[in-house]
Structure formats: C-alpha cells, structure tokens
Amino acid sequence: MQEANLALRLVAMESGWLKPFKIKVVEPISLPPPNRRRELLEKAGYNLFNLDAQEIYIDLLTDSGTGAMSQAQWAALMEGDEAYAGSRSFRQFLKTVQEITGMPYVLPTHQGRAAEHVFFSCLLSGGEVIPSNAHFDTTRANIQALGATPVDLPCPEATDPEADFPFKGNMDLAALEALLEREKGRIPCVMLTLTNNTWAGQPVSLANIRAVSELARAHGVPLILDAARHAENAYFIHAREPGQAKRPPREIAREVFSLAAGCLMSAKKDGLGNIGGFIALRSGELYERCRERLILVEGFPTYGGLAGRDLAALAVGLQEALELEYLRDRVGQVEWLARRLREVGIPVYWPPGGHAVYVDAGRLLPHIPREAFPGQALVCALYLAGGIRAVEVGSLMLGQGAKLELVRLAIPRRVYTREHLEWVVDTFCRIKERAAELRGLRLLAGEGPLRHFVARFAPLH
Ligand code: F0G
C-alpha cells in the first residue's frame, strides 16, 4: 500500500485545534537561580536522573507516569475497591482492556517492565531471537537477561532524520522475512513497538502492522505488541494514512489489536495513569503460565502489583486516551514544539513523533565527538540555561548501537501549556547562540545496557 505524502497530512496545526480541557488543580514550580543550577548539576555528576524534581522548572524527562489525571479518573480513584481478590475495580479494568484490545485474558502488572518480565520469563529459556521494529531499553534488557537476543529491524527511512516519510516506526518487512527464514524454530514471537520510542516516537502504519502480522502468521509465530503508546499510534494512522481519516482512533486501535496474539502495555503512557501496566493475550494456555509467574512476582491476578484505586483510574484513563479531541491536542502540542524549534534553527528529527520532540544533538553540536556524548552535553546545557530536564537517546543510552545522537523532550500528558513550551523554545535559542562554546563530557562511572540511569560524568574543558 502506498504511504501518505506527509507534507499534505501533518496533523493539527493548519486547522488549529481547541484545547479540550481546563485546569482544576495546580502544582507550583519555580526556576532555581543560575548558580544553584550549576552547583546542583555538578553534585548530580552531570546526570539529570540524580536531580531532585523540585529543582527542575520544566520536566521533559519522560511522558511515563507524569500525566495529569482527569476529574473522572480522580472520581474513579475514590471508588477504588481494595479487596485482595475479585475487586470491583479489577472487573472495570478487565472489561475496559477486553473492550479495547478484544483479547480475553488480562493480567495487571505494576508497570510495563513487569509485564515484560512475567511474559518473557514464561516464553524464553535461552537462545531465542526476538525481532521488533525496535525494542525499548527495558524490553531489550529483559530479553537479554533470559539469554535471548533482541533484534531491531527498523525501516530504512528511520535512520534519516530529515526524510519526509509519515511512518518511520515501520518494520523492515524484507529483513523480517529473511530473519524468520534464517532463524526458523528460534523465534517464539515477533514484536512491534507502537509508537517506536527508540526511533523518535515514530508511528507504525496500519499497512505495516497488517503485513508484519501476515508474515508472522505465515511462519507460525505470534505477533506481540508493545502497546505503551498505541492510542497515539492509532491517531497517526487516522491523521496520516490514506483511507483512514474517517475511522476514529478507537476503531483503528481495535483493528490493530485484532492483528496480534497479545500485547504488553505500560499504562503509564496511553493508560493516562501514574502507575500500571498489563499483559493481554488470546492464548489461555500462555495466560495460565503467566498467571502463575505473576502471583510469584507481582501479586494475585486481580490486582497484579496495583492498588484497586489504580485499576479504577486506569479503567477510565485507557478510554480517555483514545478520544479524538484529546489525541489531537496531545499530538498537536508535540508538533507545535517541533515546528517552533525547527523555525529557530534547531535540528529536530522530522516528522515529529507522538510523545516527544527529538533534537539532533549530533548536528547542533558537531564539534563534540560521540565519545564525549554530545546529547548529554545538550541535556546539561538545557538545565543550566533553562532549568529544563530532558534525556539523552544516543551513545550513552544505546552504546555502539546508536545511529544518531538525539535528545528527547518528552511531553507529559495534559500537564504543560504553550507558555511552558515557549520557555523551552527560548532556552534553545539561547543555547544555539553559544553552541560552539559547549563542551563534551567524560564518563566516570556506569556500564551495561541501563548505564544511562546511573552514569556519572566530568565536564571536558
Ligand atoms: N515499552 C515502551 C515502548 C516504553 O517506552 C516503556 C517505558 C516501557 C515499555 C516500559 O514501561 O516504564 O512502565 O516499566 N518508557 C519510559 C520512557 C520509561 O521514558 O520512555 P514501564
């Protein structure tokens, strides 16, 4: 199927959109003075994971669990049923997940990586190969911890930060077919991450999901979705894919799930929850194995590491995340920031993805070599210049596998206004003026696939 011409279909900006909520509860924030920011950064070993959140003005570290809940979610929370077994809140959660995914078997987990751990420990015994458009870092680490090999097969357009292609999250179908042939018998499932967080939050087209599903089925291998941002992915299909504009995101999501045998979900993203996750499956046999493991590491299958009130809030949030007005505002806000940054001359990965703007630090700071972590240097500069916290997605996070030196500005859901994002644009303008003066960093401590969480650095002079 022909992909859409993106230039004609960029989401919400041309038509404008109306913000579909007003603010009821406020949380004070402030910008610490420049000297204090310098001092705190040094104390944190130039790793912003080590900073106290109250020392940050605009926190774009992640969109995970950082969203604002709606009044309907807070109301549901008050009605949470904390029964150990068979709680009413679990019933509501189960009904919602079954309705959205069409999958009968559902296990709640405390977050996405717990779903990964439970699922993969029931599927893998060592030596397997698991292809994906790109695994998220915890998925990769969980697969590796069980002695299997995660393989990323992004489409060729993904590696070009400028290519005007609407679905850069797609999987490389030829590469998948070749791998399925070559590794016959060693591939227990194929995965697709919706949207593709590792590749700039890029969406996967319905055509690509259908093709991956068909290829997997032809080889007798189940397709498992990483559905953390499935609603944003459904919105991009609605907005960008030919023939899909009339279908609401909920209906598109339902078709997407119908193409898979199961899914793993971090509900801290498109569940609009501050905590939570789940596994949903079509196979009763696999469900029973996962359920046994879940009881061991998470809890009884009707709460799975969550309070009843969390399940109740998620039952509402999962539905709200699929509303068209919400998604248009959400994705439109990310697009607004990406466009503004591009207008002031900041190289951003294009087109913008669903949950974050990815700045190309390699191009903004070409004088800093990869070994000196240009992305992390930009992350530090953002804090010093504007009290902004972002995260490196480059040589520090991905090691030798990094193709680009990106910095992710993840936008929490329903939290910041355009004024907040204007401050981010202003801060970038000030950094750009002095970009040539920025220096890289020397890694002092931190190793392994999750080193970015614990690394410490010294600035190079
Ligand atoms: N899958 C994807 C695509 C993710 O982005 C994440 C988390 C997970 C799985 C794991 O879920 O955090 O609930 O255990 N991503 C966060 C981020 C941490 O900042 O992108 P979790």
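The values are calculated or read from the model by the stated rules, or taken from the named source; none is laboratory data. Since this is a predicted model, take the numbers as computed values, not measurements. Cβ atoms come from the backbone with ideal geometry, glycine included; neighbour counts cover every protein chain shown. Protein only, heavy atoms only, side chains kept; ligands, DNA and RNA dropped before computing areas. Shrake-Rupley method; radii C 1.70, N 1.55, O 1.52, S 1.80 Å.
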So, relative contact order of the chain in percent, Cα under 8 Å, 6 or more apart, is 23
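Percentage of Cα-Cα pair distances in the chain greater than 43 Å, rounded to whole percent? Intermediate results must be reported in sequence, preceding the final value.
Numbers: 10432 of 106030 pairs.
Of all Cα-Cα pairs in the chain, 10 percent lie more than 43 Å apart.
Could you pull out the GluC sites (Glu not before Pro) across the stretch 126-168 that fall in loop regions by DSSP (anything but H, G, I, E, B) with no more than 13 other Cβ atoms inside 10 Å? Mind showing how you got there, number by number?
On the way: sites: E128, E157, E162; in loops: E128, E162.
Answer by residue number: E162.
Tell me, which longest segment in the chain has none of the chymotrypsin sites (Phe, Trp or Tyr not before Pro) that fall in DSSP loops with at most 13 further Cβ atoms within 10 Å?
Longest run free of exposed loop sites: 85-461.
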The stretch 391-440 and the stretch 132-159 have their Cα centres apart by a whole-number Å value of 24
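According to the square roots a ≥ b ≥ c of the eigenvalues of the Cα gyration tensor, what is the shape class of the stretch 71-320, taking rounded for a/c under 1.5, prolate for a/b larger than b/c otherwise, and oblate for the remainder? Intermediate values should be presented prior to the final figure.
Numbers: a/c = 1.98, a/b = 1.29, b/c = 1.53.
Oblate shape, in that a/c is at least 1.5 and b/c is the bigger or equal ratio.
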Percent of all alpha-carbon pairs of the stretch 228-280 at distances over 17 Å, whole number, is 39
With +1 at each Lys and Arg Cβ and -1 at each Asp and Glu Cβ, the charge dipole magnitude of the chain around its Cα centre, to the nearest 20 debye, comes out at 420
Measure of exposure for S30: accessible area at 1.4 Å probe, Å² rounded to 10, is 70
Of the accessible area of the chain, computed with a 1.4 Å probe and all protein chains kept, carbon and sulfur make up a percent value of 53
Sorted by chain and then number, the residues having a modelled amide H within less than 5 Å of the amide H of I187, at least 5 places away or on another chain, are V129
Judged on accessible area alone, 1.4 Å probe, highest first, L192, L460 line up as L460, L192
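In the structure shown, do any of K19/K432; K168/K268; K43/K168; K43/K403; K268/K432; K24/K432 have a Cα-Cα gap over 28 Å, and if so which?
Numbers: K19/K432 31 Å; K168/K268 23 Å; K43/K168 38 Å; K43/K403 30 Å; K268/K432 33 Å; K24/K432 36 Å.
Too far apart for the 28 Å limit: K19/K432; K43/K168; K43/K403; K268/K432; K24/K432.
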Between N35 and E437, the two model label points (7 Å from Cα along the beta-carbon direction) sit apart by a distance in nm of 1.9
Counting only protein heavy atoms and rolling a 1.4 Å probe, one gets per residue an accessible area for the stretch 71-320 in Å² of 35
For H117 the rounded accessible area (nearest 10 Å², probe 1.4 Å, non-protein molecules ignored) is 60
To the nearest 0.05, the calculated FRET efficiency linking H367 and E42 through their beta-carbon distance, R0 being 35 Å, is 0.95
Trypsin sites (Lys or Arg not before Pro) in the stretch 161-254 lying in a DSSP loop, each with at most 15 other Cβ atoms within 10 Å of its Cβ, come to K184, R186, K246
Inter-part gap, Cα centre of the stretch 333-377 to Cα centre of the stretch 226-255, in whole angstrom, is 26
